[in-house]
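Quick notes on the structure that follows.
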Amino acid sequence: YKALYWLAFQDERRMVLPSTSREIQKLSQRYILALLYFATGGENWTHVYQFLSGLDECEWNGNNDEEYVGGVGSCNGDGLVQTVALWKNNLKGQLPMELGDLSAVKVLSLYSNQLTGTLPANFVQMKSLDTFYLHENDFIGDIGFMCSSLSITYFRSDCYGEPPEVSCPCCDVCCAKDDATGESQCFTK
């Protein structure tokens, strides 16, 4: 509700009703990114990266504490999001299933946050996804469904430990939190 309200009444960009498929995709991705912001406590993110600003969503980015570009890291020539990099950014809660509708995304880096729940099944729609970092969160369940229809080259999750938080047969790196130190340890499969 908050994302739709923001898009309709508060968005400084004031996008018009779309008339082409490209305009529909742009409006849809803006809504989905706003939904991600509200669903994961964006007002408390470490870096807001210009989310919900009047800028084009392809410009919702900036440098983080490590001097890497975070936020929406890149878009393709059609203005469709290809990179979402929100690691170590105090995201909390569950990922909205609509995030899976960002079909041009190649890199989705959400590690080291406080994300919970299960991974939405429609994430398999992200056919371009090549790098997917979910480790150091609190996801649970089987994410093996991501293995069958996608060819993700770099896939990390919390699939190590007894028992692992998630089951991921195709992850190339599995991580687990060390109870003694609180630090995450990751191992290449």
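The values are calculated or read from the model by the stated rules, or taken from the named source; none is laboratory data. Keep in mind that what you see is a predicted model, and the values were worked out from it rather than measured. Backbone-built Cβ (ideal geometry, glycine too); neighbour counts: all protein chains shown. Protein only, heavy atoms only, side chains kept; ligands, DNA and RNA dropped before computing areas. Shrake-Rupley method; radii C 1.70, N 1.55, O 1.52, S 1.80 Å.
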If packing is taken as the average number of other Cβ atoms within 10 Å across a peptide's residues, how do 89-101, 13-25 rank, most packed first? 89-101, 13-25
Pairwise label distance in nanometres, ASP130 with ALA180, each label 7 Å out on the Cα-Cβ vector: 3.9
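Can you compute the charge dipole magnitude of the chain about its Cα centre, using +1 on each Lys and Arg Cβ and -1 on each Asp and Glu Cβ, nothing else charged? Give it in debye, rounded to the nearest 20. Provide the component values of the computation, followed by the final result.
Working: 13 positive and 24 negative charges, 124 e Å.
Taking the Cα centre of the chain as origin, the dipole is about 600 debye.
Across every pair of different alpha-carbon atoms, what Kirkwood hydrodynamic radius in Å does the range 1-139 reach?
Values: mean 1/r = 0.0666 Å⁻¹.
So the Kirkwood estimate lands at 15.0 Å.
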Could you work out how far helix 21-39 tilts from the main Cα principal axis of the chain, as a 0 to 90 degree angle to the nearest 10? 50
Ignoring ligands, DNA and RNA, what percent of the accessible area of the range 1-54 is carbon or sulfur (1.4 Å)? 55
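List, in the order given, every pair from LYS2/LYS106; LYS26/LYS127; LYS88/LYS177; LYS88/LYS127; LYS2/LYS26 whose Cα-Cα distance in the structure shown is over 23 Å.
Result: LYS2/LYS106; LYS88/LYS127 exceed 23 Å.
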Roughly how many Å² is the accessible area per residue of the chain, as a whole number, for a 1.4 Å probe? 50
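May I ask for the Rg/Rh ratio of the range 132-189, computed from Cα atoms with Rh as the Kirkwood radius, given to two decimals?
On the way: Rg = 10.9 Å, Rh = 11.3 Å.
Rounded to two decimals, Rg/Rh equals 0.96.
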For the range 1-71, just list the percent of Cα-Cα distances falling in each 10 Å bin from zero outward, please. 20, 52, 24, 5, 0
What FRET efficiency comes out for ALA121 versus GLU67 if R0 is 45 angstrom and r is the Cβ-Cβ distance? Round to the nearest 0.05. 0.80
